[in-house]
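Written below as structure tokens is the structure these notes are about.
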Amino acid sequence: MFISANVGLPAYLRAKRTVEKYAHQVLGKRAYVVYPGLIYDRAKKSTYYLGKILHVIAFLPGLKKYRPVKRKILAQAIEKILQGKTSEFERSCK
């Protein structure tokens, strides 16, 4: 399981894509990649308030790719993926 990114600095995104490609080459279908966007939780104040704000305004043009998600929701999505089910987080937001 690799947590990738939808947005970021070019070098950061290149590094993420390199790891994704490598994981798929080495592990094949056993490699799982998720694209959650900003992960936030009340326990981590540095992202919590930004995540809450982005969640409210994510409908605005250009903000969809930030896809803020609560840590608990992402954990549930990962559990579903590992059980063979699908999740919206398996697709990158462009």
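Please give the peptides 32-39, 86-93, 45-52, 21-28 ranked by average Cβ packing (other Cβ atoms within 10 Å per residue), highest first, as a rough proxy for protection.
32-39, 86-93, 45-52, 21-28
Relative to the present Cα-Cα distance, how much length would full extension add between Leu60 and Val19 at 0.36 nm per residue of separation? The partial results should precede the final answer.
Values: separation 41, 0.36 × 41 = 14.76 nm, distance 3.05 nm.
Result: 11.7 nm gained on full extension.
Roughly to the nearest percent, how much of the accessible area of the chain is carbon and sulfur, given a 1.4 Å probe? Walk me through the intermediate numbers first.
Details: 4050 of 6640 Å².
Whole-percent figure for carbon plus sulfur exposure: 61.
Fully extended, how many nm does the chain gain between Ala75 and Glu88 (0.36 nm per residue separation, minus their Cα-Cα distance)? Could you put the intermediate results ahead of the total?
Working: separation 13, 0.36 × 13 = 4.68 nm, distance 1.28 nm.
Contour length minus Cα-Cα distance gives 3.4 nm.
Rounded to whole Hz and in sequence order, give me ³J(HN,Hα) for region 36-51 from the Karplus expression 6.51 cos²θ - 1.76 cosθ + 1.60, θ = phi - 60°, writing x for Gly and Pro.
The phi angles translate into x, x, 6, 8, 9, 7, 4, 5, 10, 4, 5, 10, 4, 5, 4, x Hz.
Cα gyration tensor of region 44-94, axes a ≥ b ≥ c as square roots of the eigenvalues: rounded (a/c below 1.5), prolate (a/b > b/c) or oblate?
Numbers: a/c = 3.30, a/b = 1.45, b/c = 2.27.
Taking the square roots of the gyration eigenvalues as a ≥ b ≥ c, region 44-94 is oblate.
Just the accessible area per residue of region 1-88, please: how many Å² with a 1.4 Å probe?
70 Å²
Pop out the ³J(HN,Hα) list for region 70-85 in order, Karplus 6.51 cos²θ - 1.76 cosθ + 1.60 with θ = phi - 60°, rounded to Hz; leave Gly and Pro as x.
5, 4, 5, 5, 5, 4, 5, 5, 5, 4, 4, 4, 5, 8, x, 8
The list (1) 2, 9, 9, 11, 13, 10, 7, 6, 7, 7, 8, 7, 2, 1, 1; (2) 2, 14, 21, 23, 21, 13, 5, 1; (3) 3, 10, 14, 16, 13, 13, 11, 9, 7, 4, 2, 1, 0 gives values of P(r) over Cα pairs in 5 Å bins from 0, in percent, and only one came from this structure; which label was calculated from it?
Here P(r) over Cα pairs in 5 Å bins from 0, in percent agrees with entry (2).
Using the Karplus equation 6.51 cos²θ - 1.76 cosθ + 1.60 (θ = phi - 60°), what ³J(HN,Hα) coupling, rounded to whole Hz, does each residue of region 10-22 give in order, writing x for Gly and Pro?
Working through the residues one at a time gives x, 5, 5, 5, 4, 5, 4, 5, 5, 5, 4, 4, 4 Hz.
The values are calculated or read from the model by the stated rules, or taken from the named source; none is laboratory data. In this text the structure is predicted, and so the values were computed from the model without any measurement. Neighbour counts are summed over all protein chains in view; Cβ atoms, including those assigned to glycine, are modelled from backbone coordinates with ideal geometry. SASA here: full protein model, heavy atoms, side chains in, ligands and nucleic acids out. Shrake-Rupley method; radii C 1.70, N 1.55, O 1.52, S 1.80 Å.
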